[in-house]
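Q: Take this structure first; my questions come after.
FYI, it's all coordinate maths here, none of it is from the lab. These numbers come from a predicted model, not from an experiment.
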């Protein structure tokens, strides 16, 4: 089974989402950042590896203020937080009109355009 991994590393929490090839959510996890973003990401990946074969991950992406914890050599895709939030939410709620995201140090309001 092919899987896709997304990480968002913010100022307070690191969040993980694992989906299948159809976009269905397989695993969601969150780790509070206490000592460093790198430690939080390592905890998330360690927990994930205990339940899933990481060789099944065919693509990975990262967003957030702490995205530099992933070395460039791993060739993970980098995304803006607002794009990640909008695309993820619209996957489950395609009729959403407004998205409000309130983080530890910032807030985002996204107004969706009507396509019809």
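Q: Provide the gained length on full extension for the span residue 110 to residue 87, in nm with one decimal, where the gain is 0.36 nm per separating residue minus the Cα-Cα distance.
A: Between residue 110 and residue 87, full extension yields an extra 7.1 nm.
Q: What share of the DSSP beta bridges in the chain is antiparallel, in percent to the nearest 5?
A: DSSP beta bridges in the chain are roughly 70 percent antiparallel.
Q: Tell me the Kirkwood radius of the chain: reciprocal of the mean inverse pair distance over distinct alpha-carbon atoms, in Å.
A: For the chain, inverting the mean 1/r across all distinct Cα pairs yields 15.0 Å.
Q: For helix 37-51, report the angle its Cα long axis makes with the longest principal axis of the Cα atoms of the chain; keep it between 0 and 90° and round to the nearest 10°.
A: Here the helix axis deviates by roughly 80 degrees.
Q: Normalising by the residue count of the chain, find the relative contact order in percent from Cα pairs under 8 Å and 6+ residues apart.
A: 23
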